[in-house]
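Here is the structure we will look at.
Bear in mind these aren't lab numbers, they're just calculated from the coordinates by the rules spelled out. Quick caveat, the model's predicted, so the values are computed rather than measured. Reconstructed Cβ throughout: ideal geometry from the backbone, glycine too, with neighbour counts over all protein chains shown.
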Amino acid sequence: MLILYAAGLVLASAALVSMLMTGREAALLVVALLLAGTFGINRLGYDEFAIIRNGTAMRVYEVPAFNKSMFVVFFDLLLVATATCCAIGLKTDNWGFAAMRAPAIAMIAVLAPVTVTVFSCMGLYRGTWRLAGVEDFVRLGFGVIGATLVAFVVCSTFVSAGTSISVFVIYALVKVAFSIGSRGSYQILDASHRRARAEGAPALIYGAGRKGASALRELLADFAAPLRPVGFIDDDPGKSGKVINGVPVVGSGRTLEKAIRRFAAGAVVIASDALPASRVSQIGELCDRMGIAMLRMEISFDHCAGQALVPSPVSAPGAAAALAGARATGVDAAARECNCPTCGSSPLMRSHARSIVEELRKRISSRRLFRCQACGWRGWSRVDDTVRYERYPTPPSQLMPEFDAVDVVLQ
């Protein structure tokens with residue numbers, strides 16, 4: 001209670017002193033007091049002021065009006081007007097309303113209907129931004145750029161021949177920042193809310209790859225989970241000290257015991273299919289010796305109802321054995337029966353795309369990249385078992401070690 005009285009006395013004294021200051025000095029004093037109050041309240045740990053930790057900020061998104069498509073449209077119109085004024089102000093360095101009113105009204109009159117039309121045609125008003133992913137934000141960015149280009153053409157043709165393209169470039173950058181920031185605010189607050197929770201036993205995730213990131217998201221998304229991820233363990237030296245989705249890589253398999261003691265971990269979650277059975281057994285023995293749990297993340301799809309999938313020509317035990325062998329050796333099913341066209345060795349390994357061109361070709365075609373461990377050959381092949389390669393020479397001396405280390409089965 002004395003702290004609150006002292007804070008009130010300080011604020012009253014600051015208000016009295018501000019009467020003797022200029023406007024700029026008083027503004028700086030107010031900013032300093034706000035920063036001091038924010039840090040002070042944070043140190044005191046009052047839940048009433050922890051609007052992110054206790055979920056108060058997220059309740060704003062539960063208002064029914066905010067979930068209507070019409071509200072999103074009007075909000076986009078507000079962002080168009082705000083981004084236009086910011087673009088003109090940044091271009092002319094004149095933030096007076098009288099100076100920017102005429103050009104701003106001319107731009108908004110074109111940008112507003114064009115933006116709503118382009119966003120509607122791209123389906124940006126049909127999705128739910130609470131579950132938005134990277135693809136949704138990329139599509140939003142392209143929508144803003146497309147609407148800006150159309151509006152510039154319309155302004156240059158019908159409104160004014162001397163329209164400045166730099167203003168539209170600045171507008172596009174500001175509008176992208178505003179649109180993605182506003183639509184991604186829920187996920188930012190939700191992620192902060194989940195990371196702020198202190199319940200659950202500390203857990204280490206073994207494997208800092210895609211499956212490890214999936215395990216992290218699942219543990220953070222489930223408030224009922226008894227585990228709280230505090231770090232990653234990975235045997236790749238290149239990932240040491242890195243931060244994966246806000247959680248650091250704190251060690252490797254050799255320093256696992258030290259990491260468990262350091263974070264007082266209550267469990268180790270295995271989130272990697274590349275670990276051999278012997279290594280998993282060693283981790284299990286270590287967990288038994290230290291009295292903690294060892295869990296393994298498994299993703300499977302079980303048939304529950306409806307028509308079953310067409311079975312493979314290989315018998316069920318044979319298919320299971322082939323899949324287990326592929327997981328253990330990193331051999332893709334499409335390359336088990338294929339030989340290297342250069343040295344004739346078998347089997348081939350799946351290879352990751354190493355450039356944007358390769359990634360685009362992989363996405364738009366039915367081909368995948370393979371490599372030979374013996375001679376370093378890399379080439380394209382169809383996903384099925386047809387043996388058809390295209391020469392893609394890569395000398396062994398130029399092979400990238402980071403890709404060699406992470407070439408595993410993509411399930």
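Determine, for Val116, Val138, Val169, the number of other Cβ atoms within 10 Å of each Cβ, and report the residues in order from fewest to most.
Taking fewest neighbouring Cβ atoms as first place, the list is Val138, Val169, Val116.
Starting from the 7 Å offset along Cα-to-Cβ, what nm value, one decimal, do you get for the label separation of Ile299 and Arg210?
0.7 nm
Compute the distance from the alpha-carbon center of the range 97-134 to that of the range 213-252, in whole Å.
A separation of 38 Å, based on Cα centres.
Quick one: compute a quarter of the convex hull surface over the Cα atoms of the range 155-222 and quote it in nm².
Averaging across all directions leaves 7.7 nm² for the Cα convex hull.
So if we plug the beta-carbon distance of Ser281 and Phe97 into 1/(1 + (r/R0)^6) with R0 = 56 Å, what FRET efficiency do we get, rounded to 0.05?
Computed FRET efficiency for Ser281 and Phe97: 0.20.
Multiplying the sequence separation of Ala15 and Met122 by 0.36 nm and subtracting their Cα-Cα distance, what value in nm do you get?
Fully extending the segment from Ala15 to Met122 adds 33.3 nm.
Starting from the 7 Å offset along Cα-to-Cβ, what nm value, one decimal, do you get for the label separation of Ile145 and Lys68?
Taking the simple label geometry, Ile145 and Lys68 are separated by 3.4 nm.
Could you please tell me the mean projected area of the C-alpha convex hull for the range 65-188, averaged over all directions and given in square nanometres to one decimal?
Here the figure is 7.7 nm², rounded to one decimal.
7 Å from Cα along Cα→Cβ at both Ser166 and Ser185: what's the point-to-point distance in nm?
Computed distance between label sites Ser166 and Ser185 equals 3.1 nm.
Subtract the Cα-Cα distance of Arg195 and Asp288 from 0.36 nm times their separation in residues, and report this length gain in nm to one decimal.
The Arg195-Asp288 span can extend by a further 30.6 nm.
Rounded to the nearest 0.05, what FRET efficiency do Arg130 and Lys242 have when you use their Cβ-Cβ distance and R0 = 30 Å?
0.55
Within the range 198-265, list the GluC sites (Glu not before Pro) lying in a DSSP loop whose Cβ has at most 11 other Cβ atoms in a 10 Å radius.
Glu199
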